[in-house]
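Here is the structure we will look at, set down as structure tokens.
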Amino acid sequence: MGAWMSWTPLVGAALLVAVPAVLPDWIVFIVALALAKFMAVLAVALFLRAGMVSFGHAMFYAVGAYTVGFGVKWFGLRDIVLLIPLGALLGAAFAALVGLVMARYREVFFAMLNLAFSMMLYGVLLKLYWITAGTDGLSAGLPTFLGYAPSRESLRVFLYYTTLVVTVIVVFGVYRFLASPLGFYLKAMADNEIRIEYSGESVRHVVYVTYVLSGALGGIGGVLAGFTVGHIVPEYSFWIQSGDFVFVALLGGYTSVVGPLVGSIAFEFIRTYASKYFPNEWQMVLGIIMLAIILFRPGGLWAIYEEVVGRFGRRAREAKRA
Amino acid sequence: MPDAQVLKALDVSKSFGMVTAADGITLEIQAGELVGVVGANGSGKTTFLNLVTGYLRPDRGRVLFMGNDCTGVPPRAITKLGIARSFQIPQLYTNLTVLESLLLSLAAEAGEGVAFWRPLYSQARISPGLELLERFGLRPYAHRLASELPEGGRKLLDIALSFALKPKLLLLDEPTSGVSIEDKFQVMDTLMKIVAESRLTTVFVEHDMEVVQRYSRRVLAFDNGRVIADGEPGRVLADPDVRKAVLGRV
């Protein structure tokens, strides 16, 4: 299994790099959007590890997207290389504020308070028409890349590769985070908060730091999605969007960093094809898939993949021996 | 070595409604002491530990640690001051491996518990971690999940997690409860050897008189939230009042 597994990230990365070269434009769009949403899904997945679920993380996704919207509208700021860190910073700052309240709560209160905050933001974005243009939304415009403005034809590819580079950085960063003592405390929280406090560490601090990180991730995802879609509306902060993030985290599997990535890509394709072949019942298709995952493979798609690879690996070893 | 006072309780009291769980407890623990605490169920032994570690706040009285008032200071801060405790029911991270759990304690001790960029598995931590597991007899389980440990191992890991914090005072709540009779003395032998080697001031709560007799050098007997006897084990455990309170017979 070892040899198979060690090749997987390389093969996966190679496939992602090859997407714009070999696949049609609309698929490039879908994968880019999936990668952007992946960051927000990862934010949700961090808390799932700790046994906490958030139904409001779309708020940070919206903060990122509106960073683009207002950046373009007010400051003529449309350089994506500047807006990504800015979106991360504003997402983190927003989370640092909301997190002061959130770090005190667990379980259903954590889930619903997140929902409440995201819907408050949704309400503000919807109602402050003269600032946010309400449901008309804001236009992201065409991004520049460190001052360089690519032609309309090559823009999609530029955007795709920018997203991919950011994805690599995010995966690395979150991987490091999860390998740190704080990352392990996050996982340990699901088991035993008492022991953490009796180790002299603050569970609230663990939640808070993670919350700020999750805000930054949501912000980055929002910036990228804003540019990819080109149009920024209050729905970015809507509860259905938050629900999607939770759905995708469960679909892909939240115990690893790769799970949400696989889940995001799978989700966008399932949604695209389901709505093509079952235009009126596509949500039911998603529901059935979710049901199947929870009933049969709660570890998500990534767990299924690991299992399959494990079985193949075993068979290959047996064949070698024979 | 001159006696240095580690812990002092002054008239510490706590009631839960009609039940008085601690009734004017006054005692002192000196540096390097190995104290056993006996008492029947509900005599206030665990309540006393909870009061000292800040899990409960006394209604009356004061707790001094190394001469400083720490009455009602919360568990996290108490731990930072240097009091660590183990639990009657082991408090473990069941989904982490035994080594990971211990590395977290070592990281906390080093002030790196909330570091989020440096890895938990650092070379500087792994070898002391494995060494400590060796001393606790848990080395073979290092890479197994804590939930897979046998009961004796769970107790030892629970204590190891506290011990790794390098406390100045270690409080053990019923280290042998739930451990089979055959393993009981083995668990205690392991523990007492480690405690003796590190000259750690230790208080252990135990309802098994035999264990207390064998391992402690001073015994405190609790009954109805009061200390009814305090002294060397032979004398205290032979006291008819203590025997009546703890065993229900003389």
task: Would you please state which residues of region A:5-48 a label at A:ILE304 would reach in this model, taking the label point 7 Å out along Cα→Cβ and a backbone N cut-off of under 18 Å?
output: none
statement: Of the DSSP H helices in chain B, the ones reaching 24 Å or more along their long axis in Cα terms and averaging at least -0.5 in Kyte-Doolittle hydropathy are B:181-198
- prompt: Rounded, prolate or oblate: which fits region B:171-244 when a ≥ b ≥ c are the square roots of the eigenvalues of the alpha-carbon gyration tensor, with rounded for a/c under 1.5 and prolate only if a/b beats b/c?
  reply: prolate
- prompt: For peptide A:206-213, how many partner chain Cβ atoms fall within 10 Å of a residue's Cβ, on average?
  reply: 1
query: Quick one: if you stick a label point 7 Å off each Cα along the C-beta vector at B:LEU145 and A:PHE29, how many nm between them?
result: 4.4 nm
query: If you take the beta carbon distance between A:ALA179 and B:LYS244 as r and set R0 to 51 Å, what does 1/(1 + (r/R0)^6) give as a FRET efficiency, to the nearest 0.05?
result: 0.35
statement: Surrounding charge for A:GLY313, neighbours by C-beta under 12 angstrom, Lys/Arg +1, Asp/Glu -1, total +2
- request: Rank-order A:239-247, A:144-152 by packing density, defined as the average count of other C-beta atoms within 10 Å over each peptide's residues, highest first.
  value: A:239-247, A:144-152
Prolate/oblate/rounded call for region B:16-85, Cα gyration tensor, a/c under 1.5 rounded: oblate
query: Taking only DSSP H segments of four or more residues, each worth -39500 (n - 2.57), what value at 222 nm results for chain A once the sum is divided by all its residues, to the nearest 500 deg cm²/dmol?
result: -26500 deg cm²/dmol
task: Note down the relative contact order for region A:2-321 as a percent, whole number, built from C-alpha pairs under 8 angstrom at least six residues apart.
output: 33 percent
Inter-chain Cβ neighbour average for residues B:89-101, partner chain, 10 Å: 4
statement: Here the relative contact order (percent) of region B:1-150, from C-alpha pairs under 8 Å and at least 6 apart, is 19 percent
statement: Given A:111-119, B:120-128, the highest-first ranking by average Cβ count within 10 Å works out to A:111-119, B:120-128
Additional length obtainable on full extension of the chain from A:VAL17 to A:LEU295, 0.36 nm per residue less Cα span: 96.7 nm
message: Please compute the average number of Cβ atoms from other chains found within 10 Å of each residue's Cβ in peptide B:109-117.
response: 6
query: Could you work out the helix-only [θ] at 222 nm for chain B, with each DSSP H run of four or more residues adding -39,500 (n - 2.57) and the total divided by the number of residues, to the nearest 500 deg cm²/dmol?
result: -11000 deg cm²/dmol
- prompt: Using 1/(1 + (r/R0)^6) with R0 = 45 angstrom and r between the beta carbons of B:SER177 and A:ALA316, what's the FRET efficiency to the nearest 0.05?
  reply: 0.35
task: Report the residue, chosen from B:VAL37, B:VAL19, B:VAL52, that carries the largest GNM mean-square fluctuation when chain B is represented by alpha-carbon nodes joined by springs under 10 Å.
output: B:VAL19
task: Starting from the exponent 0.38 and prefactor 2.2 Å, build the expected Rg for region B:93-148 from its residue count and divide its actual Cα Rg by it.
output: 1.07
- prompt: For the peptides A:64-71, A:306-313, what is the packing order when you average, over each peptide's residues, the other Cβ atoms within 10 Å and list the highest mean first?
  reply: A:64-71, A:306-313
- request: Over chain B, calculate the relative contact order: mean separation of alpha carbon pairs under 8 Å at least 6 apart, over the residue count, as a percent.
  value: 27 percent
- request: Please report the Cα spread of region A:97-207 along all three principal axes, rounded to whole Å, starting with the longest.
  value: 58, 37, 19
message: With the cut-off at 28 Å, tell me which of the pairs B:LYS193/B:LYS244; B:LYS8/B:LYS80; B:LYS168/B:LYS244; B:LYS45/B:LYS80; A:LYS187/B:LYS80 have Cα atoms farther apart than that.
response: B:LYS193/B:LYS244; B:LYS168/B:LYS244
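A short reminder: the numbers here are calculations on the coordinates, not readings from a lab. Only a predicted model underlies this, so the values are computations on that prediction, with no experimental measurement involved. Every residue, glycine as well, gets a Cβ built from its backbone with ideal geometry; the counts of neighbours run over all protein chains shown.
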